[in-house]
Amino acid sequence: MKKITIFLASSNELLPERENFEIEIYRKSKAWSEKGVILNLDIWEDMSGKMSQTSSQDEYNKRVKSSDLFVILVYTKLGQYTEAEFENAYEHFKANNKPFIYTYFKESELPVKDTVPAFKEKLGNGGHFYTIF
C-alpha cells in the first residue's frame, strides 16, 4: 500500500469546511484503497494534547514536514499558528520539493483581517496562484 499524508491547516473559523474536507478525503481513501493507495489526513483536532519538550506547534511542524501534501484554508483571518505551518511547509518544500502546497481562500463578504490580503500578496510575489472556494 502507498500512503499519502495530507496536512490540513486552517483556523477554527473553518470547522465545517475542515469536517467536509475530512469526509471527502476518507471517501477518496476508501475508493483508492482498492488501487493500493491510502490517504491519511492530519488535522490539529486529531493530534495529541500531550506536553512537548519544546512546544505543541513544534509537534505540528514535524507532521507538516513529513506530509506529502500541505493544504491551507483561509477565510477572514490567518492565525499565527496557521501561518507558521505554511512557512514551515514552504521552507521544507524549497529544500526537499515536498510537501506539495495548495492554498485556498474562502470568498467572504465579511471583513477580513490585514493578515489575509498580506498573505495573498506574499503568495503572488512568490509566483503562486491561490484558489478561491
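Every read-out reported here was derived from the displayed coordinates using simple, explicitly stated rules and does not represent laboratory data. Predicted model only: the values in this text are computed from it and were never measured. Cβ: placed from backbone, ideal geometry, glycine included. Neighbour counts: every protein chain shown.
To make sure I understand the rule: partners must be lysines, Cα under 19 Å from the Cα of LYS122, and not fewer than 8 residues away in the same chain. Which ones qualify?
Straight-line reach from LYS122, under 19 Å: LYS77, LYS94, LYS106, LYS113.
Grab the alpha carbons of the stretch 73-133, take their convex hull, and tell me the volume per residue in Å³.
Once divided by residue count, the hull of the stretch 73-133 is 75 Å³.
What number, in percent, do you get for the relative contact order of the stretch 1-132 if the mean sequence gap of Cα pairs under 8 Å and at least 6 apart is divided by its residue count? Walk me through the numbers before you get to the answer.
Working: 189 pairs, mean separation 35.4, N = 132.
Relative contact order comes out at 27 percent.
List every residue whose amide H lies under 5 Å from the amide H of PHE105, counting only residues 5 or more places away in sequence or on a different chain, with H placed 1.01 Å from N in the peptide plane.
Here the answer is VAL74, THR131, ILE132, PHE133, since their amide H atoms fall under 5 Å of that of PHE105.
First obtain the Kirkwood hydrodynamic radius of the chain from its Cα pairs, then insert it into the Stokes-Einstein equation at 4 °C and 1.567 mPa s, and state the resulting D in µm² per second as a whole number. Before the final figure, lay out each step's value.
Details: Rh = 15.6 Å.
D, rounded to a whole number, is 83 µm²/s.
Quick check on packing: order 65-78, 82-95 by the mean number of other C-beta atoms within 10 Å, highest mean leading. Please report the intermediate quantities before stating the final value.
Details: 65-78: 20.0, 82-95: 17.2.
Packing proxy ranking, top to bottom: 65-78, 82-95.
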